[in-house]
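**Student:** One structure coming up, written as structure tokens, with questions to follow.
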Amino acid sequence: MYRIRLHGRGGQGIKTAGRLLGTAFFREGFEVQDAPRYGAERRGAPIFAYVRASRSAINQRGIIRRPDLVIVVDDTLVTMPVAGVLAGVTPDTVLLIHSSKTGERWRQRLNFPGLVLGLPDGADPEHPLEPRFVGAACIGAAARLLGVIARPTLIQALQHELAPMGDTVMAHNLKAAINAYDLFADHTGCVQEGKDSPAIHYDKPAWIELPPEPVAVAAPAIQVTATSEALPTGLWRTVRPVIDYKRCHSCPWICGTLCPDSTINVNSEGFPEIDYQHCKGCLICLASCPHHAIQAIPEQEFNETVKGGGQRS
Ligand code: SF4
Ligand code: SF4
């Protein structure tokens, strides 16, 4: 059985990418499971999807704990423990990372014992892949690495699944997928099928007793007070709200009240200050500010050019 896990962020088409891969397997005659797993409710939060494919019936359920192939659509997740990218990997696992860094650089950085491959951010550095096409590129590469999905099958799967999105989106996705498929010709079939039994002879028990545990034991991190403080949800943010204090009229009962995460505090001068450790970047504050005093700046751009900005000095 092939066991594949895809990691990315909400809004990057992880669910669709898993679906595309599942459909391609199915068209090659495999039994398939594909399912997304959402950890949080918003765009930018880490999510993953998993795909199982077997020539015989699949009776296993649940997330994949020992992946044969891990596909990482967003390389900022690799070193984020909460994203679980490296959970359960073994020296037999192949890691495919969409990144501007090479696979070898990632392998050294992670001290990873298996094969790490980097999917470049578009063939032309001047025209990197748009986020919505990255999933298709990853699936094209994965199809080649698995070695059991032929190019025409890959094309048919994309055409079938993406038809509702229209011809232009379809054409871009097909191009991204086929380019990636061709790029990894030297690695055809490098992903080995896992040794998991498909469990067709599993003898299901009639009843499983699961004694309840005290909540303080079963979910201590949830039960203790102030858990939201302990979870730095600012890591989920892809876009940063930045207050322009020249426009701000000091009415934080508006933005501060509407922030769903209570991350806007009021300073001693009565102006709002954003707690970036916990701001998730939903931009409700931006939408609600009557004086248009909040701008949205992509995190990458902020890190490169505005470092240190965003708060009143
Ligand atoms: S709502 Fe806008 S103007 Fe009012 S305090 Fe918040 S950022 Fe400033
Ligand atoms: S973007 Fe604004 S509303 Fe959303 S969490 Fe951050 S501060 Fe709160």
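**Student:** Hey, among Pro67, Pro36, which residue is surrounded by fewer than 19 Cβ atoms within 10 Å (Cβ to Cβ), touching a Lys or Arg at 6+ places or on another chain (Cβ under 9 Å) and either modelled with pLDDT of 90 or more or assigned to a strand (DSSP E or B) (or both)?
**Tutor:** Only one candidate passes the filter, namely Pro36.
**Student:** Continuing with this model, one more query. Could you check the stretch 71-104 and list, in sequence order, the residues that are assigned to a helix (DSSP H, G or I), surrounded by fewer than 15 Cβ atoms within 10 Å (Cβ to Cβ) and modelled with pLDDT of 90 or more?
**Tutor:** Glu104
**Student:** Restricted to the stretch 254-270, and to residues that are closer than 12 Å to Lys280 by Cβ and polar (S, T, N, Q), which residue is surrounded by the most Cβ atoms within 10 Å (Cβ to Cβ)?
**Tutor:** Ranking the candidates gives Thr263 first.
**Student:** I'm checking my understanding of the structure. Among residues of the stretch 1-33 that are of a type in the set (Lys, Arg) and assigned to a strand (DSSP E or B), which one is farthest from the chain's Cα centre (by Cα)?
**Tutor:** Our first condition is that a residue be of a type in the set (Lys, Arg); within the stretch 1-33, this holds for 3, 5, 9, 15, 19, 27.
Narrowing the set further to residues that are assigned to a strand (DSSP E or B) leaves 3, 5, 9.
Values: Arg3: 17, Arg5: 10, Arg9: 3 Å.
Result: Arg3.
**Student:** What number of residues within the stretch 260-276 satisfy the criterion of being touching a helix residue (DSSP H, G or I) at 6+ places or on another chain (Cβ under 7 Å) and under 17 Å from Ile297 (Cβ atoms)?
**Tutor:** Counting residues in the stretch 260-276 that are touching a helix residue (DSSP H, G or I) at 6+ places or on another chain (Cβ under 7 Å) and under 17 Å from Ile297 (Cβ atoms) gives 3.
**Student:** If the Cβ limit is 6 Å and pairs must be 6+ apart or interchain, which residue in the stretch 271-294 that is more than 9 Å from ligand 1 (Cβ to nearest atom) pairs with which residue that is modelled with pLDDT under 95 and in a helix (DSSP H, G or I)?
**Tutor:** Filtered contacts from the stretch 271-294: Tyr276/Gly234; Gln277/Gly234; His278/Thr233; His278/Gly234; Cys279/Gly234; Lys280/Thr233; Lys280/Trp236; Ile284/Leu258.
**Student:** Of these, Cys259, Cys289, which one is closer than 24 Å to Gly10 by Cα, within 11 Å of ligand 2 (Cβ to nearest atom) and at pLDDT 85 or above?
**Tutor:** It is Cys259.
The values are calculated or read from the model by the stated rules, or taken from the named source; none is laboratory data. Predicted model only: the values in this text are computed from it and were never measured. Cβ: placed from backbone, ideal geometry, glycine included. Neighbour counts: every protein chain shown.
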